[in-house]
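To keep things clear, I will list the structure first and then write my remarks on it.
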Amino acid sequence: LAGSAIGSISRMYYDESSGTIYAGFRYTGVVEHIGALNIRDGSVRRLADIKRAMLYRVASVAYDPKSGTVFYTNHNLGWRDLMAVDVNTGESRTLFPAARIGEIVFNPVDRSLIGVRHNNGIATLVRLPYPYTEWFEIHTFPYEYVPTDLDISPDGHLLSASMSEVNGDQFLRVWELDKLLHGDLKPLSEFRFGQS
């Protein structure tokens, strides 16, 4: 798809109508950035610089195809700012400075973001409703229980996450989002990977 190696890449989002992949990119000789990779000609258009990108995952990235907005994290090795960039204009704005929120996913039904906030070694699942002026705690996990790789089903009903627990057990868990938002943490489904 690209004419040369493009290094580490965040989670990617494909816009079929424009033939564009949106992601965070980190490769030698170029400042880390949110970019638009055109799969027709292999060109990468830089949309916004990323400050202090992660080595392999680059940044936490989510995409709203209707508004053409890429959400991403800055200062990933620090307190993590939550940012948004318009893919058409390249205009970037800070939504939440030093929020410590990552693992973000976009809910296409209500345009909210779900993410994980880390503070003092504790992971908290949070919801950021549109228009992203405040965030709310969904659930705080015990120490060393950490959800990662969040995803939301296209109908907005299910939330999935990889989970690691203090004893090294690894799970893939799926929750009904409405129940989760009302305090019911019992997973709808769970796959156990064992210890890692």
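The values are calculated or read from the model by the stated rules, or taken from the named source; none is laboratory data. Values in this document were obtained by computation on a predicted structure and should not be read as measured data. Backbone-built Cβ (ideal geometry, glycine too); neighbour counts: all protein chains shown. All accessible areas refer to the heavy atoms of the entire protein, side chains included, with ligands and DNA or RNA removed. Shrake-Rupley method; radii C 1.70, N 1.55, O 1.52, S 1.80 Å.
Can you give the log10 of the normalised intensity I(q)/I(0) at q = 0.16 Å⁻¹, computed with Debye over equal Cα scatterers of region 109-179? Treating every Cα as an identical point scatterer, log10 I(q)/I(0) equals -0.57. Here the ratio of the Cα radius of gyration of the chain to 2.2 N^0.38 Å is 1.03. Put simply, the amide H of residue 130, placed in the peptide plane, has neighbours under 5 Å in 112, 113, leaving out anything fewer than 5 places away on its chain. Computed from phi, the 3J(HN,Hα) profile of region 87-97 under the Karplus parametrisation 6.51, -1.76, 1.60 (θ = phi - 60°) reads 6, 8, 9, x, 6, 10, 9, 8, 8, 9, x Hz, with x in place of Gly and Pro. 3J(HN,Hα) couplings calculated from phi for region 105-117 with the Karplus curve 6.51 cos²θ - 1.76 cosθ + 1.60 (θ = phi - 60°) are, in sequence order, 9, 9, 8, x, 7, 10, 6, 7, 10, 10, x, 10, 9 Hz; Gly and Pro show x. If you plug the beta carbon distance of residue 191 and residue 139 into 1/(1 + (r/R0)^6) with R0 = 22 Å, you get a FRET efficiency near 0.65.
Ranked from the most accessible area to the least, with a 1.4 Å probe and all protein chains present, what is the order of 171, 191? Present the calculation step by step, with values, prior to reporting the outcome.
Numbers: 171 10, 191 115 Å².
Descending accessible area places them as 191, 171.
For residue 51, a cut-off of 28 angstrom between C-alpha atoms picks up these lysines, skipping any fewer than 8 places away in its own chain: 66.
If ligands, DNA and RNA are left out, what is the accessible area of residue 1 with a 1.4 Å probe, given in Å² to the nearest 10? For residue 1, the solvent-accessible surface is approximately 140 Å².
Report, to one decimal in Å, the Kirkwood hydrodynamic radius for region 43-85 based on all distinct Cα pairs. Intermediate results must be reported in sequence, preceding the final value.
On the way: mean 1/r = 0.0912 Å⁻¹.
Over region 43-85, the inverse of the mean reciprocal pair distance is 11.0 Å.
Once the mean 1/r over all distinct Cα pairs of region 142-182 is inverted, what Kirkwood radius in angstroms do you read off? After inverting the mean inverse Cα-Cα distance, the result is 10.9 Å. A cut-off of 5 Å between modelled amide H atoms, ignoring neighbours fewer than 5 places along the same chain, links residue 32 with 50.
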